[in-house]
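A.B. asks: Have a look at this one.
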Amino acid sequence: MFDFTQVIDFLPQLGKGLYYTLLISIIGLLIGFALGAIFGLGRISKNKFFFIIASIYVEVIRGTPVLVQAIWIFFALPIITQYNMDSITAGVVVIAINSGAYIAEIVRGSVDSIDKGQMEAGRSLGLNKHQTMRYIIWPQAFKRMIPPLGNQFIISIKDTSLLSVILVPELMFQGRYIASNHFNAVEIYTTVALFYLVINFSLSLLLRYIERRLKY
Amino acid sequence: MITVQDLHKRFGDNEVLKGIHCEVEEKEVVCVIGPSGSGKSTFLRCLNLLEEITSGDVIVDGYNIRDRATDINMIRTEVGMVFQQFNLFPHKTVIQNVMLAPQKVRKLSPKEARQRGEALLEKVGLAEKADQYPSQLSGGQQQRVAIARALAMEPKMMLFDEPTSALDPELVGEVLEVMKQLAKEGMTMVVVTHEMGFAREVADRVLFMDEGIIMEENTPDIIFNNPESERTKDFLNKVL
């Protein structure tokens, strides 16, 4: 009935898809983390301008579906800017700005959750605000960020599958291509699902390990 | 060493400090007592600008701390503070808590900072706890570490904000002991406290605060045995 041995023939192609899925996830999330850190601090900043910019960013991204964001960036943005992005770059941009908005909220929440006595203790010792943030608040906030960050990483990795609609040659794209040409939907889509599961489960284990290492 | 002139502090419509005047001399130990909500802690926190001052002047070590030209970080290095909730850094070991500010602010080398830190931990009786985390210590031990951390900056004066109020009764003594030792060594201290025994024994002067002003200011002997103000009498009758 179902012949899973045939999957072996398609492994190189699926492997190529996996490569792009991982590439876009890693680069996208690295940039997303940087965006999240910057705009997360914006959301707790006393600077009105910075606060408003950060809030608009977060609300716009959280308020629109990632699929719409992907299609808009790939098909609409080039018309406005007169600049064509290749699909992989567009994919990285989508994952970065999308995860960045959620990570900004994670950063804001974690920094906010640190007892204000910590800032006072730092300042009372003569450390300036920047030093207190760097040596006292951030390290504690970072630890609290790990579980929600892990969650967001997993969500973003799964979101990369939506990039198939903007022709990013990632895992889901390859799966659809193979399945529609060889009529083996069960075998191929099951394999694709397993690939995602393995990536995300490995990530879960890694995060659990890091969290344990940071116990104090 | 500290001069406070007509200090007012308002939180929105609520005026917490209504014109405080006081002086603290070098090597003096001043205890501030009074009912909760009287503004004692707010007053103390104004002395190193942890609380923004609404109006009035606070002159610390010759600098008006409200003056824009005053580097508040520099002032704070000279004014150690100990908090009710200790506020140790939970992600750092005991010795790292003590070493951090001397390294980052005073620019001591790690070796110098460690030597200073170890000497101070020895002094507060916690040398063997250097490599533990704050969460592994009792409240009294944590507060002694907090005192060592403040002393590591070699401040000219120390502020204590109800340092024993969060402690189990049997742990209060060890903290007061360290504070007595400091007083004996000639540290200038302002102590907000509910420990009347400590105030009586150690203070050179006691301030009784109520409703945002200093109601009475006297030697401990007069305050505790023969207070001038009725309010002081009332308060002491309730707590003693």
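A.B. asks: Tell me whether the stretch B:74-82 contains one or more residues that are away from chain A (no Cβ under 14 Å) and more than 30 Å from B:Leu137 (Cα to Cα). Steps first, please.
C.D. replies: Taking the stretch B:74-82 first, the residues away from chain A (no Cβ under 14 Å) are none.
No, the conditions are met nowhere in the stretch B:74-82.
A.B. asks: Take the residues of the stretch B:27-55 that are open to solvent by less than 20 Å² (accessible area, probe 1.4 Å) and in contact with a His (Cβ under 8 Å, 6 or more places away or on another chain): which is farthest from the other protein chains (Cβ to nearest Cβ)?
C.D. replies: B:Ile33
A.B. asks: Next up: Yes or no: A:Arg108 more than 21 Å from the chain's Cα centre (by Cα) and either facing chain B (nearest Cβ under 10 Å) or touching a residue at least 40 places away in the same chain (Cβ under 8 Å) (or both)? Reasoning before the result, please.
C.D. replies: Details: more than 21 Å from the chain's Cα centre (by Cα): no; either facing chain B (nearest Cβ under 10 Å) or touching a residue at least 40 places away in the same chain (Cβ under 8 Å) (or both): yes.
Considered against the rule, which asks whether it is more than 21 Å from the chain's Cα centre (by Cα) and either facing chain B (nearest Cβ under 10 Å) or touching a residue at least 40 places away in the same chain (Cβ under 8 Å) (or both), A:Arg108 comes out as no.
A.B. asks: Shifting gears a bit: Within the group A:Gly63, A:Gly36, A:Gly15, which residue is in contact (Cβ under 8 Å) with a residue 40 or more places away in the chain and not charged (D, E, K, R)? I'd like the intermediate steps shown before the answer.
C.D. replies: Working: A:Gly63 fails: in contact (Cβ under 8 Å) with a residue 40 or more places away in the chain; A:Gly15 fails: in contact (Cβ under 8 Å) with a residue 40 or more places away in the chain.
None of the others qualify; the one that does is A:Gly36.
A.B. asks: For the stretch B:97-118, which residues satisfy the criterion of being open to solvent by 30 Å² or more (accessible area, probe 1.4 Å) and either aromatic (Phe, Trp, Tyr) or facing another protein chain (nearest Cβ under 10 Å) (or both)?
C.D. replies: The answer is B:Gln103, B:Lys104, B:Val105, B:Arg106.
A.B. asks: Can you pull out the residues in the stretch A:82-97 that are in contact (Cβ under 8 Å) with a residue 12 or more places away in the chain, assigned to a helix (DSSP H, G or I) and open to solvent by 10 Å² or more (accessible area, probe 1.4 Å)? Lay out the reasoning, then the answer.
C.D. replies: Initially, the stretch A:82-97 is screened for residues in contact (Cβ under 8 Å) with a residue 12 or more places away in the chain, giving A:85, A:87-88, A:90-97.
In the following step, the residues that additionally are assigned to a helix (DSSP H, G or I) were identified as A:87-88, A:90-97.
Once the filter is applied, which keeps residues that are in contact (Cβ under 8 Å) with a residue 12 or more places away in the chain, assigned to a helix (DSSP H, G or I) and open to solvent by 10 Å² or more (accessible area, probe 1.4 Å), the stretch A:82-97 yields A:Ser87, A:Ile88, A:Val92, A:Val93, A:Ile97.
Residues checked against (1) more than 11 Å from chain A (Cβ to nearest Cβ); (2) loosely packed, with under 15 Cβ neighbours inside 10 Å; (3) over 21 Å from A:Gln140 (Cβ atoms); (4) not small (Gly, Ala, Ser):
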| site | (1), (2), (3), (4) |
| --- | --- |
| B:Tyr133 | no, no, no, yes |
| B:Gln136 | no, yes, no, yes |
| B:Gly139 | yes, no, no, no |
| B:Arg144 | yes, no, yes, yes |
| B:Arg149 | no, no, no, yes |
| B:Pro155 | no, no, yes, yes |
| B:Met158 | no, no, yes, yes |
| B:Pro163 | yes, no, yes, yes |
| B:Pro169 | yes, yes, yes, yes |
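A.B. asks: Just one of A:Gly122, A:Gly126, A:Gly175 is part of a loop (DSSP other than H, G, I, E, B) and over 18 Å from the mean Cα position of the chain (by Cα); which is it? Quick ask: steps written out before the conclusion?
C.D. replies: On the way: A:Gly122 fails: part of a loop (DSSP other than H, G, I, E, B); A:Gly175 fails: part of a loop (DSSP other than H, G, I, E, B).
After applying the criteria, what remains is A:Gly126.
A.B. asks: Against the condition open to solvent by 20 Å² or more (accessible area, probe 1.4 Å), over 30 Å from B:Leu240 (Cβ atoms) and without any contact (Cβ under 8 Å) to a residue 24 or more places away in the chain, how does B:Glu78 come out, does it pass? Walk me through how you get there before you give the answer.
C.D. replies: Values: open to solvent by 20 Å² or more (accessible area, probe 1.4 Å): yes; over 30 Å from B:Leu240 (Cβ atoms): yes; without any contact (Cβ under 8 Å) to a residue 24 or more places away in the chain: no.
For B:Glu78, the condition - open to solvent by 20 Å² or more (accessible area, probe 1.4 Å), over 30 Å from B:Leu240 (Cβ atoms) and without any contact (Cβ under 8 Å) to a residue 24 or more places away in the chain - is not met.
A.B. asks: Within the stretch A:113-142, take every residue that is of a type in the set (D, E, K, R) and within 7 Å of chain B (Cβ to nearest Cβ) and give me the one that is nearest to A:Ser204 (Cα to Cα). Walk me through it before giving the result.
C.D. replies: At the first step, the residues of the stretch A:113-142 found to be of a type in the set (D, E, K, R) are A:115-116, A:120, A:123, A:129, A:134.
Narrowing further to those that are within 7 Å of chain B (Cβ to nearest Cβ): A:120, A:123.
On the way: A:Glu120: 35, A:Arg123: 37 Å.
Result: A:Glu120.
A.B. asks: If you don't mind, there's one more thing I want to ask. Quick check: is even one residue across the stretch A:129-139 open to solvent by 40 Å² or more (accessible area, probe 1.4 Å), under 30 Å from B:Asp71 (Cβ atoms) and not in a helix (DSSP H, G or I)?
C.D. replies: No, that holds for no residue.
A.B. asks: Looking only at the stretch A:147-158, decide whether some residue is under 26 Å from A:Ile31 (Cα atoms) and within 9 Å of another protein chain (Cβ to nearest Cβ). Write out each step before concluding.
C.D. replies: As a first pass, look at the stretch A:147-158 and keep what is under 26 Å from A:Ile31 (Cα atoms): A:147-158.
With the extra rule that they be within 9 Å of another protein chain (Cβ to nearest Cβ), the set shrinks to none.
Checking the stretch A:147-158: not a single residue is under 26 Å from A:Ile31 (Cα atoms) and within 9 Å of another protein chain (Cβ to nearest Cβ).
For (1) at positive phi; (2) in a loop (DSSP other than H, G, I, E, B); (3) within 22 Å of the chain's Cα centre (by Cα), each residue gets a yes or a no:
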position: A:Leu18; (1), (2), (3): no, no, yes
position: A:Gly42; (1), (2), (3): no, no, yes
position: A:Lys46; (1), (2), (3): no, yes, no
position: A:Ile80; (1), (2), (3): no, no, no
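A.B. asks: Ok, one more. From the list B:Glu230, B:Glu128, B:Glu201, which one is at pLDDT below 95, open to solvent by 40 Å² or more (accessible area, probe 1.4 Å) and either farther than 27 Å from B:Glu78 by Cβ or polar (S, T, N, Q) (or both)?
C.D. replies: None of the other options fit; the residue is B:Glu230.
A.B. asks: List the helices (runs of 4 or more DSSP H) that sit entirely inside the stretch B:53-142 and contain at least 2 residues that are of a type in the set (Asp, Glu). Show your work before the answer.
C.D. replies: Working: elements: B:72-78, B:94-104, B:110-123.
Ranges flagged: B:110-123.
A.B. asks: Another one. Kindly establish whether B:Phe83 is crowded, with 21+ Cβ neighbours inside 10 Å and either of a type in the set (Lys, Arg) or farther than 26 Å from B:Lys184 by Cβ (or both). Walk me through it before giving the result.
C.D. replies: Numbers: crowded, with 21+ Cβ neighbours inside 10 Å: yes; either of a type in the set (Lys, Arg) or farther than 26 Å from B:Lys184 by Cβ (or both): no.
Judged against the criteria, B:Phe83 is not a match.
A.B. asks: Would you be able to say whether some residue in the stretch A:56-64 is surrounded by fewer than 18 Cβ atoms within 10 Å (Cβ to Cβ) and either within 21 Å of A:Met133 (Cα to Cα) or more than 17 Å from the chain's Cα centre (by Cα) (or both)? Write out each step before concluding.
C.D. replies: Kept after step one, since they are surrounded by fewer than 18 Cβ atoms within 10 Å (Cβ to Cβ), are these residues of the stretch A:56-64: A:56, A:59-60, A:62-64.
Next, only the ones that are either within 21 Å of A:Met133 (Cα to Cα) or more than 17 Å from the chain's Cα centre (by Cα) (or both) stay: A:56.
Yes, the stretch A:56-64 has at least one match.
The values are calculated or read from the model by the stated rules, or taken from the named source; none is laboratory data. Not measured: the values here are computed from a predicted model. Using ideal geometry, Cβ is built from the backbone for each residue, glycine included, and neighbour counts are taken over all protein chains shown. Side chains are part of the model used for accessible areas, which takes the heavy atoms of the whole protein and leaves out ligands, DNA and RNA. Shrake-Rupley method; radii C 1.70, N 1.55, O 1.52, S 1.80 Å.
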